[in-house]
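The numbers here are math on the coordinates, done by the rules we state, and not lab data. Keep in mind the model is a prediction, meaning the values are calculated, not measured. FYI the Cβ positions are ideal-geometry reconstructions off the backbone, even for glycines, and counts take in every protein chain you see.
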């Protein structure tokens, strides 16, 4: 890495830590806030995803605060085992990813601290809740639209992202049998109908493309590319090493095509592509106001998602490409929408021009930057190495 770029990354890391420390205490019961000036609430999914960066930071204050976040979630868990969407509000429920993310984050926390029984009762209740999220009672988890982190994106039935989280926590908890069953269902689940249509594939794994589909349920599916979900298939080892390398090559080629067509102005992949456009059958009228092509969940560039992609690049041994993406991400997170800071760590950026469009000093943007930087520096993926490598 060039000296000047290395110096820039060395400046970004303490800046990311500053964001996390600044956000570590908010107005709701003293719990962390989700963004520096916007989002004063403590959102569960943001905090659970931030676990990776907080743990690799080795900052004792942040880790102690994160312990309190996990303990508060356990206290506010529903009688049936569901984890609320807001850490401080047990009545704010309905998210499909909060409970699996809680399980994953708790597994990571146990691994980092050596406290193998941390929140044991809450974990058991959450695991019970998750067993009832499978319509066919066979581990594969289903969801309702707009119930995961993409509150403006239509993901229905067996979503890729949710099931990669489930697969990951099963591996971390040592439930190899259920993890293997889930893997088999995701790759070999057969859609049954009298006349198979050409576009209908088996399960989430597509036979003619190197990635997993966004979602699938019975005769319905969506084959748009989910960057977060597919990055997690690589990190967790859900996909083979050969297929993972092919997936990375495909992403880079497709992003080059997007840049050539003027649909992407940054050397980082959008969270979803191809973008959903008004003429497409999966376009929703509400997208016109909140989810335009190349924006928000419809192809916006999310630093926290790019952090997972950079980690996936390291997992495949594409170290040079991972370094290049980290450098590009470092330049991107310097810009801010409103705050007068050296590093904005904004929530998301518009694909067509790279402008920051979300909230500045977003917790998961800063946390996943720290995790991505650690992966590039160490040429390994902390925590995920444990479940990806054969035991």
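Observations on the model:
- Segment 205-328: C-alpha gyration tensor shape, a/c 1.5 cut-off, then a/b vs b/c: oblate
- Whole-number percent relative contact order across the chain, with pairs defined as alpha carbons under 8 Å at least 6 apart: 17 percent
- Segments 280-290, 355-365 sorted - mean Cβ within 10 Å per residue, highest first: 355-365, 280-290
- Remark: 9, 310 ranked as 9, 310, counting other beta-carbon atoms within 10 Å and listing the fewest first.
- At 0.890 mPa s and 25 °C, Stokes D of segment 126-187 from Kirkwood alpha-carbon radius, µm² per second: 206 µm²/s
- Our analysis of segment 237-308 gives Rg over Rh at 1.02, with the two radii drawn from alpha carbon positions and Rh computed by the Kirkwood formula.
- Applying 1/(1 + (r/R0)^6) with r as the Cβ-Cβ distance of residue 7 and residue 58 and R0 = 22 angstrom yields a FRET efficiency of 0.50.
- For segment 1-149: rounded, prolate or oblate by the Cα gyration tensor [a/c cutoff 1.5]: prolate
- Computed over segment 6-141: relative contact order in percent, which uses C-alpha pairs under 8 Å that are six or more apart: 18 percent
- The peptide list 131-140, 244-253, 340-349, put in order of mean Cβ contacts within 10 Å with the highest first, becomes 340-349, 244-253, 131-140.
- Size descriptor, Kirkwood hydrodynamic radius, that averages inverse alpha-carbon separations across the chain, Å: 20.9 Å
- The helix-based estimate of mean residue ellipticity at 222 nm for the chain, built from -39,500 (n - 2.57) per DSSP H run of four or more residues and divided by its residue count, is -15000 deg cm²/dmol to the nearest 500.
- Highest GNM mean-square fluctuation among 106, 146, 239, for the chain modelled with Cα contacts below 10 Å: 146.
- For the listed peptides 16-27, 151-162, 224-235, a ranking on the average number of other beta carbons within 10 Å per residue, highest first, reads 224-235, 151-162, 16-27.
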